[in-house]
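A short write-up of the structure that comes next.
The values are calculated or read from the model by the stated rules, or taken from the named source; none is laboratory data. What you see is a predicted model, and the numbers here were worked out from it, not measured in a lab. Cβ sites come from the backbone with ideal geometry, for glycine too, and all protein chains shown count toward neighbours.
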Amino acid sequence: MLRSKAQSLVQIMWCMGEVSPDWGDLTVSDWMWLSPTEKEMLIGMRFPKRRREWLSGRWTAKQLLLRCSPRLAGKPLTEISIENHINGNPVVFVEGQILPGCLSLSHRENQAAAAYLTNEDVFVGIDLEWIEERHPAFLQDYFTEREIEWVTAAPNREQPLRTTLIWSAKESALKSLRVGLAVDTRTVEVHPLEDEFPQGWRKVNFHSNLPEEGYQLHGWWQKRENFIITIVVNMPASHKPVFDIKEIHW
C-alpha cells in the first residue's frame, strides 16, 4: 500500500470466532488455556450464559493475538492473560508485562469478535450485534432525534438493520473512547454513509464532544449474515491515516 510521508498506516486486525472451543460444563478444570488471573475471574461468574460469552471473547481474542503479535509466537495460551483495566477496557499481559497495542472484544449469540492494533495513541472498539427489532422506547432512550429520524424513514423491513447499526456503532465508539456505557449514548451521534460497495466495509461518521481535544473518530460497519459488525478508531486528528482493516482467519 503506497502512502505519502505525511500519511500513517493504521492496520486494524480483527476476527470472528465460535462461542467457545468446547461447550463442556464450564468448570475451571475444562479451561486449561486460561491464565491464573483469568481463572479467578471465571470463578466469580455465576451464570452459565455469561461464562460462555466471557470465554468466547477470551478464546477468540487469544487466537487473534497469536496471529498478530510476533512477541507471542510459540507462547502457550496460559501465558497470555486478558484482564480488565479499571475503566473496563481489556488489557493484555504476557509474563506480567503489558503487551503494547489496543484490544477490543465483543460477543453476541454464538459468536465473538475481537480487534487489535499496535499504533501509538490510537484506540479501537469493536462491536457485534444480532439484527432484531427493538421497542420504540429503546430508540427514545438511547438515540438522538436525528438518528430516530434516519431509522424511521426506512421501510419497516429495513428498520431493524438501521437500529442495530446505530446501536452497534455507538458501542464501538464508546469502547474506543474508553468510557463504555457509563455515559449517555446520545452524546455520540452516528451518521452512516451511503457507500458504493455494500458488500464490504462501509463508512460511519460521528458527531460528539467526547473525544479528547485533538482526537477524532473513524468508523466502519458491515453486515454478515444476520450480524452487524462495527469497528471504530479514536485517534489524533492531526494524523492523515491510511486504514487497512484485515480479517484474520483461524
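Screening the candidates Leu55, Leu42, Leu66 for the property of being hydrophobic (A, V, I, L, M, F, W, C), under 16 Å from the mean Cα position of the chain (by Cα) and under 24 Å from Glu18 (Cβ atoms) yields one hit, Leu55. Taken together, Leu193, Leu210, Leu217, Leu181 contain a single residue that is aliphatic (A, V, I, L, M) and modelled with pLDDT of 95 or more, which is Leu217. Close Cβ contacts (under 6 Å, 6 or more residues apart or on different chains) running from residues in the range 207-234 that are surrounded by fewer than 17 Cβ atoms within 10 Å (Cβ to Cβ) to residues that are acidic (Asp, Glu) and modelled with pLDDT of 95 or more comprise His207/Glu189. Within the option set Lys75, Lys170, being surrounded by 21 or more Cβ atoms within 10 Å (Cβ to Cβ), free of Cβ contacts under 8 Å to residues at least 40 places away in the same chain and out of contact with any Cys (no Cβ under 7 Å at 6 or more places or on another chain) holds for one residue only, Lys170.
If we scan the range 160-175, do we find a residue that is assigned to a helix (DSSP H, G or I) and more than 19 Å from the chain's Cα centre (by Cα)? Checking the range 160-175: at least one residue is assigned to a helix (DSSP H, G or I) and more than 19 Å from the chain's Cα centre (by Cα). Selection of strands (runs of 3 or more DSSP E) fully inside the range 29-126 by the criterion of at least 1 residues being among the basic types (Lys, Arg) and closer than 16 Å to Ser172 by Cβ returns 102-108.
So that you can scan it fast, the table gives a plain yes or no per residue for (1) surrounded by fewer than 18 Cβ atoms within 10 Å (Cβ to Cβ); (2) at pLDDT 90 or above; (3) not hydrophobic (A, V, I, L, M, F, W, C):
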{"site": "Asp22", "(1), (2), (3)": "yes, no, yes"}
{"site": "Ser29", "(1), (2), (3)": "yes, no, yes"}
{"site": "Phe47", "(1), (2), (3)": "yes, no, no"}
{"site": "His107", "(1), (2), (3)": "no, yes, yes"}
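With respect to Ile82, determine if the residue is surrounded by 18 or more Cβ atoms within 10 Å (Cβ to Cβ), at negative phi and in contact with a Ser or Thr (Cβ under 6 Å, 6 or more places away or on another chain). No; evaluated as a whole, the condition is false for this residue.
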